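The values are calculated or read from the model by the stated rules, or taken from the named source; none is laboratory data. The structure displayed is predicted, hence computed values, not measured ones. Please note: Cβ atoms are built from the backbone with ideal geometry, for glycine as well, and neighbour counts cover all protein chains shown.
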Amino acid sequence: MLGIVSSSVWQELRMHISTDLIYDKAKSHLKADFLAGTVLLIDKPIGWTSFDVVNKIRGKIRHTLGIKKIKVGHAGTLDPLATGLLIVCTGKLTKDIDSLQAQDKEYSGHIMLGGTTPTYDSEFLPDQIFPYDHVTENMLCATTHQFLGQIAQIPPIYSAIKIDGQTAYSLARRGKDVEMKARLVNIHQFDIKNIHLPEVTFQVKCSKGTYIRSLAHDFGKALNSGAYLSSLRRESIGEHKVNSAFTIDEVVNFIEQVG
């Protein structure tokens, strides 16, 4: 099934990337060879794009270590309004980005009922308002079951998916008609953790390629209301947890002490 990393593949991946090459704040006292390859666990702050983080790390390595050219990339985009775990690879380990981002992911966050936005999140104000008085706790929990397993999901128009060589969001911002095609994703777990209408707290475990913004939007429809994502945090990728990840300041200090 799409996006699921079997235990045998995961074991092979663990063997391929030595744990000695995976750095988090617990290893901030160690030396690293960024050209030979490192995997950095980063807690991305709100307001930063994933590429902002990559550019910050690349620039710091170049400036501190005097390296003119080095490959740096991330294993799975996080939207600017989202926070949480971003895996950044450097040097020769950038070749492992596809394998890393193929792992299952876990998210927590908040869904706001009673409205929809063009981006399916809080970047814009709601453009449509819907009633939510009829929504009960039982209805919320029962409706999550509709999204478990393999589902067909349509990504948001405001996304980084390429259409004829251009990102969907750049076309949408220019007022172009954008047709997004459904894709199969797997939702392994979708739990409602707290209810304080119109906002609900949730936790999701899912496969690569899942858009939590689309899940929130579709969840609202299934409740005969509307909904958008009001906050999102990526808690884990595979067995890597955000709790052990560097902040931006911490990874900058880590690079400086290597230099």
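Regarding Thr19, is this residue over 30 Å from Tyr158 (Cβ atoms), among the polar types (S, T, N, Q) and touching a Leu at 6+ places or on another chain (Cβ under 8 Å)? Even if it seems obvious, please write down each step before you answer.
Numbers: over 30 Å from Tyr158 (Cβ atoms): yes; among the polar types (S, T, N, Q): yes; touching a Leu at 6+ places or on another chain (Cβ under 8 Å): no.
Spelling it out, it is not the case that Thr19 is over 30 Å from Tyr158 (Cβ atoms), among the polar types (S, T, N, Q) and touching a Leu at 6+ places or on another chain (Cβ under 8 Å).
Every residue in region 16-54 that is loosely packed, with under 13 Cβ neighbours inside 10 Å, among the charged types (D, E, K, R) and within 27 Å of Tyr169 (Cα to Cα), please.
none
If we scan region 104-115, do we find a residue that is assigned to a loop (DSSP other than H, G, I, E, B), under 18 Å from the mean Cα position of the chain (by Cα) and at pLDDT 95 or above?
Residues of region 104-115 assigned to a loop (DSSP other than H, G, I, E, B): 104, 114.
Next, only the ones that are under 18 Å from the mean Cα position of the chain (by Cα) stay: 104.
From what's left, at pLDDT 95 or above: 104.
Looking through region 104-115, at least one residue is assigned to a loop (DSSP other than H, G, I, E, B), under 18 Å from the mean Cα position of the chain (by Cα) and at pLDDT 95 or above.
Mind checking which residues of region 143-172 are assigned to a helix (DSSP H, G or I) and either touching a Lys or Arg at 6+ places or on another chain (Cβ under 8 Å) or loosely packed, with under 13 Cβ neighbours inside 10 Å (or both)? Give the steps one after another, and end with the answer.
Just the residues of region 143-172 that are assigned to a helix (DSSP H, G or I), to begin with: 143-147, 168-172.
Residues satisfying the conditions are His145, Ala168.
Is it the case, given these coordinates, that Val185 is assigned by TED's automatic domain parsing to the domain that holds Thr83, of a type in the set (A, V, I, L, M) and farther than 19 Å from Glu123 by Cα?
Values: assigned by TED's automatic domain parsing to the domain that holds Thr83: no; of a type in the set (A, V, I, L, M): yes; farther than 19 Å from Glu123 by Cα: yes.
For Val185, the condition - assigned by TED's automatic domain parsing to the domain that holds Thr83, of a type in the set (A, V, I, L, M) and farther than 19 Å from Glu123 by Cα - is not met.
Of the conditions (1) buried (at least 19 other Cβ atoms within 10 Å of the Cβ); (2) under 24 Å from Ile129 (Cα atoms); (3) in contact with a Cys (Cβ under 9 Å, 6 or more places away or on another chain), Val185 satisfies every one except a single condition; which number is it?
(2)
Go through Ile57, Ile87, Ile61 for me and flag whichever is hydrophobic (A, V, I, L, M, F, W, C), surrounded by 18 or more Cβ atoms within 10 Å (Cβ to Cβ) and in a strand (DSSP E or B).
Details: Ile57 fails: in a strand (DSSP E or B); Ile61 fails: in a strand (DSSP E or B).
Unique residue meeting the criteria: Ile87.
For region 113-142, which residues satisfy the criterion of being surrounded by fewer than 20 Cβ atoms within 10 Å (Cβ to Cβ), in contact with a Leu (Cβ under 7 Å, 6 or more places away or on another chain) and not hydrophobic (A, V, I, L, M, F, W, C)?
Residues satisfying the conditions are Ser122, Glu123, Tyr132.
From the list Lys205, Lys193, which one is closer than 28 Å to Phe51 by Cα, in contact (Cβ under 8 Å) with a residue 60 or more places away in the chain and charged (D, E, K, R)?
On the way: Lys193 fails: closer than 28 Å to Phe51 by Cα.
Exactly one of Lys205, Lys193 is closer than 28 Å to Phe51 by Cα, in contact (Cβ under 8 Å) with a residue 60 or more places away in the chain and charged (D, E, K, R), namely Lys205.
Please specify each residue of region 14-47 satisfying the condition of being under 16 Å from Asn253 (Cα atoms), assigned to a loop (DSSP other than H, G, I, E, B) and not acidic (Asp, Glu).
Result: Ser28, His29, Leu30, Lys31, Ala32, Phe34.
So which residues in region 219-259 are part of a loop (DSSP other than H, G, I, E, B) and either at pLDDT 95 or above or under 19 Å from the mean Cα position of the chain (by Cα) (or both)?
Residues of region 219-259 that are part of a loop (DSSP other than H, G, I, E, B), as a first pass: 223-226, 238-239, 245, 247, 259.
Across region 219-259, the qualifying residues are Leu223, Asn224, Ser225, Gly226, Gly238, Glu239, Ala245, Thr247.
Somewhere in region 205-218, is a residue of a type in the set (Lys, Arg), surrounded by fewer than 15 Cβ atoms within 10 Å (Cβ to Cβ) and assigned to a strand (DSSP E or B)? Before the answer, list the steps.
Of all residues in region 205-218, those of a type in the set (Lys, Arg) come to 205, 208, 213.
Going one step further and asking which of them are surrounded by fewer than 15 Cβ atoms within 10 Å (Cβ to Cβ), we end up with none.
Checked against the condition, which is being of a type in the set (Lys, Arg), surrounded by fewer than 15 Cβ atoms within 10 Å (Cβ to Cβ) and assigned to a strand (DSSP E or B), region 205-218 yields no hits at all.
Taking the condition farther than 28 Å from Glu235 by Cβ and in contact (Cβ under 8 Å) with a residue 60 or more places away in the chain, does Ile129 pass? If you could, list the steps in order and put the result at the bottom.
Working: farther than 28 Å from Glu235 by Cβ: yes; in contact (Cβ under 8 Å) with a residue 60 or more places away in the chain: yes.
Spelling it out, Ile129 is indeed farther than 28 Å from Glu235 by Cβ and in contact (Cβ under 8 Å) with a residue 60 or more places away in the chain.
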